[in-house]
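Following: one structure in C-alpha cells, then a few remarks.
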Amino acid sequence: MFYSDVIYQWLDVALDCGINEFDFWNMTIPELQRSINSYNRIKKREAQEKATYDYLLADLIGRSVSRIYSSSNTMPEISEAYPTLFDSEEIKQKKQAKQAELSVLRFKHFANSYNQKFKEVQRVTNE
C-alpha cells in the first residue's frame, strides 16, 4: 500500500464528514483527526437523541392504546412526555395558573351553592 492510497482514504473520510478538498489539503493530520472525531461525536449524539425520541414515542403509543382498555389510563402532558424540550420554569408557571383558575372556579361554585342554601333557609324562616 502506498502513502498516496492512505491519503486518499483520509480524503474520502474527510469528504464524508463535510470537509471540502481545499480545506483537507490545508489541514494538518491532528486537525483532520479532531474534525473527524467531532463529526463522529455529533452523529453519535444525534443517533442517541433519535433513539430517545423513538423510545418515548413507543411509550406514548403504548399509553394511548392502554386507554382503550382502561379509562383510568391517561396521556401525559407534552411537557412530561418530552421534558428536555420544554422549559421547566415555564411549565411550573402554567400549572400554577391552571391551579389558581381551578381554585377560583371551585370557590365560585361553593359560594353559589352556599348562597342558594342560605336563600332557602331565609325563605323558609320568613314563611
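The values are calculated or read from the model by the stated rules, or taken from the named source; none is laboratory data. Because the structure is a prediction, the values reported are computed rather than measured. Glycine also receives a Cβ, built like all others from the backbone with ideal geometry; neighbour counts cover every protein chain displayed. The accessibility values were calculated without ligands, DNA or RNA, using every heavy atom of the protein model including side chains. Shrake-Rupley method; radii C 1.70, N 1.55, O 1.52, S 1.80 Å.
When ranked by the protection proxy of mean other Cβ atoms within 10 Å per residue, highest first, what sequence do the peptides 63-75, 6-18 form?
On the way: 63-75: 10.4, 6-18: 13.1.
The most tightly packed comes first, giving 6-18, 63-75.
Rounded to the nearest 10 Å², what accessible area does LYS119 show when all protein chains are kept and the probe is 1.4 Å?
Accessible area, nearest 10 Å²: 140 Å².
Computed over the Cα atoms of the range 12-86, what is the ratio Rg over Rh, Rh following Kirkwood?
On the way: Rg = 21.0 Å, Rh = 15.7 Å.
Dividing the radius of gyration by the Kirkwood radius yields 1.34.
Consider just the alpha-carbon atoms of the chain and return their Rg together with their Dmax, both in angstrom.
31.6, 114
Please work out the Cα center distance from the range 5-81 to the range 107-127, rounded to the nearest Å.
64
When the solvent-accessible surface of protein heavy atoms is calculated with a 1.4 angstrom probe, in what order do LEU32, LEU57 fall, highest first? Walk me through the numbers before you get to the answer.
On the way: LEU32 10, LEU57 85 Å².
Solvent-accessible surface, decreasing: LEU57, LEU32.
When the convex hull of the C-alpha atoms of the range 63-127 is computed, what volume per residue in Å³ does it have?
Working: hull volume 6.1 nm³, N = 65.
Each residue corresponds to 94 Å³ of Cα convex hull volume.
How much length, in nm to one decimal, is gained on full extension between LYS50 and ASN26, taken as 0.36 nm per residue of separation minus their Cα-Cα distance? Provide the component values of the computation, followed by the final result.
On the way: separation 24, 0.36 × 24 = 8.64 nm, distance 3.44 nm.
Result: 5.2 nm gained on full extension.
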